[in-house]
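So the structure is just underneath, and the comments pick up after that.
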Amino acid sequence: MLLLRLFQIALEIVRLGWALAIDRLHLSRSRVRPAERLCLSLARLGTTFIKFGQALSLRRDMFPDDYIAALQSLQEHVAPFPAEQAIREIERAFGRPLAELFAEFERKPLAAASIAQVHAARLHDGREVVVKVRRLGIKRQIERDMRALAWLAQIGGAMSRRLRHYQPELVIREIWTNLRNETDFAREARSITRFASAFTDWPTVYVPRAIEGLISETVLVQERSHGYRIDDPAIKSQGSQLAQDFIDLYLHQILVLGVFHGDPHPGNLFITPEGRICFHDFGLVGFLDRDTRRNLGAFAAAFIRQDADWLLDAAIDLGIIGGEIERIKFRRYLAEIISDYAALPLKEWSLAEVFLRVARLGRSQNVLIPYDL
């Protein structure tokens, strides 16, 4: 089975490489851009590779903007699995009949994705909850596909110096680890508890807690909350305050806690009727150690102070730029970046953009930015 999958993946890689080669030689009349060809190949290879592409869409340090935009457009089109299958998994996970676990259980799922689907339910004490059930066989499928991809990356790196520059095996291992974490709901429950405890006293944020005793690797039961989508006209008047609350929340996660919700897209957060930002789906959580947080703060301070030497030191400490470097040359590059902002009003300054530009300078130094950073 693994050998067959390995062959399918290799065949798709050859197919993609051939199409890109024809495009470069201007022998093709197709209007499909190279970035779109990559996405089509990932989609043909199925769920694991769609997730892999979505993870690569975060790697602005590795890919140009047109590839990032294409990868971000990758969508999962997955039909829900039968309720009977979900019920069997719930009963297996907790060792009790469904009727003993819930007073009510909605067989039609609220949502379905590649890794899990979610059902609404009510506990016997009256609390509304959601029940997240892992898709049957998804963990085995991810392990098989990522193992095959890791083997191919090893072969490709040995054959191509250019590919080896991007350390494909390391990138794959990082994404593989995150996919493993995303399929472990017991781990997600620990993250929920950690965040809920950290923000208990914050009036601007709410994290629905996992239900003690109803947590396993394959099933997670969590308090159900209601609210508005972040693009709902009903909360438009609160927009500025909510944006400020969101920024404060993330600064605290990144610079103080050293742990942050890694997937804050509109489907994973909403606004409660009380105006609090509600987060759910903690499958992707990032970690930054104390030294990294300190260096990240130094990078931000150097940018604000418009100090090219300090910015270079902070970039080296963060691992954005490494190896043997021509310090004078890099300092000149950073001074140019800083000067671009000196003429702009403060509201147009972007630390994220500066970080990205410096990271792309580091490409030639064979440096790969740590996944969480």
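The values are calculated or read from the model by the stated rules, or taken from the named source; none is laboratory data. These numbers come from a predicted model, not from an experiment. Note that we place each Cβ from the backbone using ideal geometry, even for glycine, and neighbour counts take in every protein chain shown. Heads up: the accessible areas ignore ligands, DNA and RNA and are worked out on the full protein's heavy atoms, side chains in. Shrake-Rupley method; radii C 1.70, N 1.55, O 1.52, S 1.80 Å.
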What whole-number value in cubic angstrom gives the convex hull volume per residue for the C-alpha atoms of segment 251-312?
115 Å³
Computed E for A243/E336 - FRET, C-beta separation, R0 45 angstrom, nearest 0.05
0.90
If you project the alpha carbons of segment 235-355 onto their three principal axes, what span does each projection cover, largest first, in Å?
55, 32, 21
Segment 163-222 shape via C-alpha gyration tensor axes, a/c threshold 1.5
oblate
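Stokes-Einstein diffusion coefficient for segment 1-110 at 20 °C in a medium of 1.002 mPa s, Rh from the Kirkwood formula over Cα pairs: what value in µm²/s? Before the final figure, lay out the partial values.
Details: Rh = 17.3 Å.
The Stokes-Einstein estimate is 124 µm²/s.
For I13 and F287, calculate 0.36 nm times their separation in residues minus their Cα-Cα distance, and state this gained length in nm to one decimal.
Details: separation 274, 0.36 × 274 = 98.64 nm, distance 3.27 nm.
That pair, I13 and F287, stretches by 95.4 nm at full extension.
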Segment 117-156, relative contact order in percent, only Cα pairs under 8 angstrom and at least six apart counted:
28 percent
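In nm², what is the average projected area of the convex hull enclosing the Cα atoms of segment 305-373? The partial results should precede the final answer.
Working: hull surface 18.7 nm².
Over all viewing directions, segment 305-373 projects a mean Cα-hull area of 4.7 nm².
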Which of rounded, prolate or oblate describes segment 186-291 when judged by the alpha-carbon gyration tensor and an a/c cut-off of 1.5?
oblate
Could you name the lysines whose alpha carbon sits less than 23 Å from that of K329, not counting residues in the same chain fewer than 8 places away?
none
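Per-residue ellipticity at 222 nm for the chain, helices alone: DSSP H runs ≥ 4 residues times -39500 (n - 2.57), over residue total, nearest 500 deg cm²/dmol? Numbers along the way, then the final one.
Details: 15 runs with 192 residues, N = 373.
Value at 222 nm, helices only: -16500 deg cm²/dmol.
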May I ask you to order 223-232, 39-48 by the average number of other C-beta atoms within 10 Å around their residues, highest value first?
39-48, 223-232
Taking only the alpha carbons of the chain, what extent do you get along each of the three principal axes, in Å, biggest first?
70, 52, 38
Rounded, prolate or oblate (a/c below 1.5 giving rounded, otherwise prolate when a/b exceeds b/c) for segment 81-128 by Cα gyration tensor:
oblate
Partners for K132 among lysines (Cα-Cα distance below 28 Å; same-chain residues under 8 apart left out)
K51, K108
In a solvent-free Debye calculation with one equal scatterer on each Cα, what is log10 I(q)/I(0) for segment 51-152 at q = 0.15 Å⁻¹, listed in the order of the q values?
-0.76
Sparse-neighbourhood loop hits (GluC sites (Glu not before Pro), segment 294-373; DSSP loop; Cβ within 10 Å at most 15 others) -> E324, E326
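What number in nm² do you get for segment 106-211 if you take the convex hull of its Cα atoms and divide its surface by four?
On the way: hull surface 39.1 nm².
Approximately 9.8 nm², given one-decimal rounding.
Rounded to the nearest 5, what % of DSSP beta bridges with both residues in the chain are antiparallel?
Roughly 95 percent of the beta bridges in the chain run antiparallel, per DSSP.
Given a 1.4 angstrom probe, I'd like the percentage of the accessible area of the chain that is carbon and sulfur, rounded to a whole number. Spell out each step's value before the answer.
Numbers: 11180 of 20410 Å².
That fraction is 55 percent.
Relative to 2.2 N^0.38 Å, what does the C-alpha radius of gyration of segment 113-172 come to as a ratio? Two decimals please. Each step should come with its number before you reach the end.
Working: Rg = 19.8 Å, N = 60, 2.2 N^0.38 = 10.4 Å.
This ratio for segment 113-172 stands at 1.90.
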Report, in whole Å, the centroid distance computed from the Cα atoms of segment 214-283 and segment 54-106.
18 Å
